[in-house]
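Presented below is the structure to which this report refers.
The values are calculated or read from the model by the stated rules, or taken from the named source; none is laboratory data. These numbers were taken from a predicted model, which means no experiment stands behind them. No Cβ is skipped: glycine too gets one built from the backbone with ideal geometry, and neighbour counts run over all protein chains shown. When the accessible area is computed, the model is the full protein with side chains, heavy atoms only, and any ligands, DNA or RNA have been set aside. Shrake-Rupley method; radii C 1.70, N 1.55, O 1.52, S 1.80 Å.
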Amino acid sequence: MSTINYTLLNRQLEALLDTRDWLTNSAQTCAFIQQELSELNWVGFYLQREAQVLCLGPFQGKPACHPIPFSKGVCGAAAREQATQRVDDVHAVADHIACDANSNSELVVPIVTDGFVWGVLDIDSPQHARFSQEDQAGIEALVATFMRQTDLPRFL
Ligand code: SME
């Protein structure tokens, strides 16, 4: 369904991230994704600044839920399992945390460095099943670029 050119997007993101600063780069990354991908209503970072808790970081969209423990929601599952969560229908997830009633599908990519969950990138869509496997692979590649080009400080 998606015809987006993730190889090109990745090159553009590489060029955009011209500092090594995590705050600048995370703000730029979520703004870039919001700008370039269609049908998104929220894109943002949650950071592990407290043990086993995701704290709201730079984002695009409505004010959001904070804090999110590792034990809760789709973001918590991504952090706990250190694995991308691709959810076609968030309403079918029992402990989904509804920040915005407009969200229907979601992709959450964990950001793990040396075994430590630095944070997650959470992307929400009002469209059901917005994210294909191709989108997942493309967005994981964007997150890999963010990680490669950014110094990720240990907050704990
Ligand atoms: N939907 C997420 C919560 C974060 S907001 O969508 C921004 C979850 O269940 O983890």
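At a 1.4 Å probe radius, carbon and sulfur cover how many percent of the accessible area of the chain?
Values: 3530 of 7240 Å².
Carbon with sulfur: 49 percent of the solvent-accessible area.
Taking 0.36 nm per intervening residue step and subtracting the Cα-Cα distance, what contour gain separates Arg49 from Arg154 on full extension? Mind showing how you got there, number by number?
Values: separation 105, 0.36 × 105 = 37.80 nm, distance 0.82 nm.
Additional length available on full extension: 37.0 nm.
What ranking of Tyr6, Tyr46 comes out by heavy-atom accessible area, probe 1.4 Å, highest first? Walk me through the intermediate numbers first.
Numbers: Tyr6 25, Tyr46 0 Å².
I get Tyr6, Tyr46, largest accessible area first.
So what is the calculated 222 nm ellipticity per residue for the chain, using -39500 (n - 2.57) for each DSSP H run with n of 4 or more, over all residues, to the nearest 500 deg cm²/dmol? Walk me through the numbers on the way to the answer.
Working: 4 runs with 51 residues, N = 156.
Calculated from helices alone, the mean residue ellipticity at 222 nm is -10500 deg cm²/dmol.
With charges only on Cβ, +1 for K and R and -1 for D and E, what is the dipole size of the range 48-94 about its Cα centre, in debye, rounded to 20? Walk me through the numbers before you get to the answer.
Details: 5 positive and 4 negative charges, 27 e Å.
Dipole magnitude for the range 48-94 comes out near 120 debye.
Obtain the radius of gyration and the Kirkwood radius of the range 1-152 from its C-alpha atoms and give Rg over Rh. It would help to have the intermediate numbers written out before the result.
Values: Rg = 14.1 Å, Rh = 15.2 Å.
Using only Cα positions, Rg/Rh for the range 1-152 is 0.93.
May I ask you to derive the relative contact order of the chain, considering only C-alpha pairs under 8 Å and at least 6 residues apart, and to give it as an integer percent?
On the way: 295 pairs, mean separation 42.4, N = 156.
Value for the chain: 27 percent.
Distance in nm between label sites at Arg20 and Ala101, each 7 Å beyond Cα in the beta-carbon direction?
The answer from the label model is 4.7 nm.
For the chain, what is the charge dipole size about the Cα centre, in debye to the nearest 20, if Lys and Arg each add +1 at the Cβ and Asp and Glu each add -1 at the Cβ? Could the numbers behind the result be given before it?
Working: 10 positive and 19 negative charges, 62 e Å.
Value, rounded to 20: 300 debye.
Per residue, how much accessible surface does the chain expose to a 1.4 Å probe? Answer in Å², no decimals. Write out the running numbers ahead of the final one.
Working: 7240 Å² over 156 residues.
Per residue, the chain has an accessible area of 46 Å².
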